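Enquirer: Before we start, here is the structure in question, set down as structure tokens.
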Amino acid sequence: MIMHIVLNHIKICKLKEMNWRIIVFVVSLVVITSLGRVFAPIPNFTPLGAVALLGGAIFTRKWMAFFVPILALWLSNLFLNNLIYQASYDGFVLFGDSFLSVAVCMILIAIIGRKFVKPGSVKSLLGSAIAASLMFYLVTNFAVWMSGTMYPTSFFGLLLSYFAGLPFLLNSILGDLFYSLVLFGASYYVFGLQPSLSSSSKL
């Protein structure tokens, strides 16, 4: 009886510790995403792709792997659109024009992180980061073309959209490589998390 109570107490303590670890981890991602977007040294040099990769690689539950990066995107959007860039909008902005296309990117990049980032493999991480940049480039520029507000809705207009986005592609690659190394390294050394087949090192 006493042993049963002790074991239950240990399980509850571990559950509370895990819940707090998840909360701190998610809040950290939101803060890093917001600050990284505000203080980006060059356009598109942001943590967005790396956060989605990390979510896909770290979280064992699929819904969390997709939900947490999108949550980080949405909350950082709220902060940026309504505080930093509020002069550019009329009233409160809940989502923004590009939210849907970027959210789709986050899900696709999370899938890349889930499938291709291997434990202890810097090569797989860097390759996945580059793939994330290419995914972001292809999806967001396609969405801009589909909107019909900047380019003709023709094949030539699509080519123009992708051509105009090329200068930002290199910035995205550099940002995703940098933040992937930083975030995956911090996740391991600060939270003890890594892409692994073992659930003990994941959330």
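The values are calculated or read from the model by the stated rules, or taken from the named source; none is laboratory data. Since we're looking at a predicted model, the values are computed, not measured. Methodologically, a virtual Cβ is constructed for each residue, glycine included, from the backbone with ideal geometry; neighbour enumeration extends over all protein chains shown.
Enquirer: Which one of G56, G120 is in a helix (DSSP H, G or I), farther than 30 Å from G157 by Cα and not hydroxyl-bearing (S, T, Y)?
Expert: G56
Enquirer: Given (1) touching a helix residue (DSSP H, G or I) at 6+ places or on another chain (Cβ under 9 Å); (2) in a helix (DSSP H, G or I); (3) closer than 23 Å to I112 by Cα, where does F79 come up short, assuming only one miss?
Expert: Condition (3) is where F79 drops out.
Enquirer: Mind telling me which of the residues F99, F163, F95, F136 ends up being over 18 Å from P43 (Cα atoms) and either of a type in the set (F, W, Y) or touching a Pro at 6+ places or on another chain (Cβ under 8 Å) (or both)?
Expert: When all the criteria are applied, what remains is F95.
Enquirer: Give region 71-111 a look and list any residue that's within 19 Å of the chain's Cα centre (by Cα) and either touching a residue at least 60 places away in the same chain (Cβ under 8 Å) or at positive phi (or both), or say none.
Expert: G96, I109
Enquirer: On to the next question. Pairs, please: C-beta under 7 Å, at least 6 apart or cross-chain, first residue in contact (Cβ under 8 Å) with a residue 24 or more places away in the chain and in region 160-171, second small (G, A, S) and in a helix (DSSP H, G or I)?
Expert: From residues that are in contact (Cβ under 8 Å) with a residue 24 or more places away in the chain, the pairs are L169/S133.
Enquirer: Can you tell which of L177, L158 is in contact with a Ser or Thr (Cβ under 9 Å, 6 or more places away or on another chain) and surrounded by fewer than 19 Cβ atoms within 10 Å (Cβ to Cβ)?
Expert: L177
Listed here are the residues, each with its yes/no results for (1) modelled with pLDDT under 90; (2) surrounded by 14 or more Cβ atoms within 10 Å (Cβ to Cβ); (3) of a type in the set (A, V, I, L, M, F, W, C).
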| position | (1), (2), (3) |
| --- | --- |
| L48 | no, yes, yes |
| I84 | yes, no, yes |
| L94 | yes, no, yes |
| F99 | no, yes, yes |
| V102 | no, yes, yes |
| K115 | no, no, no |
| F136 | no, yes, yes |
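Enquirer: Scan region 133-177 for residues that are assigned to a helix (DSSP H, G or I) and more than 24 Å from I112 (Cα to Cα) and report the count.
Expert: 12
Enquirer: Would you say M1 is surrounded by fewer than 11 Cβ atoms within 10 Å (Cβ to Cβ), over 12 Å from the mean Cα position of the chain (by Cα) and modelled with pLDDT under 85?
Expert: The answer is yes for M1.
Enquirer: Can we say A40 is touching a residue at least 24 places away in the same chain (Cβ under 8 Å) and part of a helix (DSSP H, G or I)?
Expert: Judged against the criteria, A40 is not a match.
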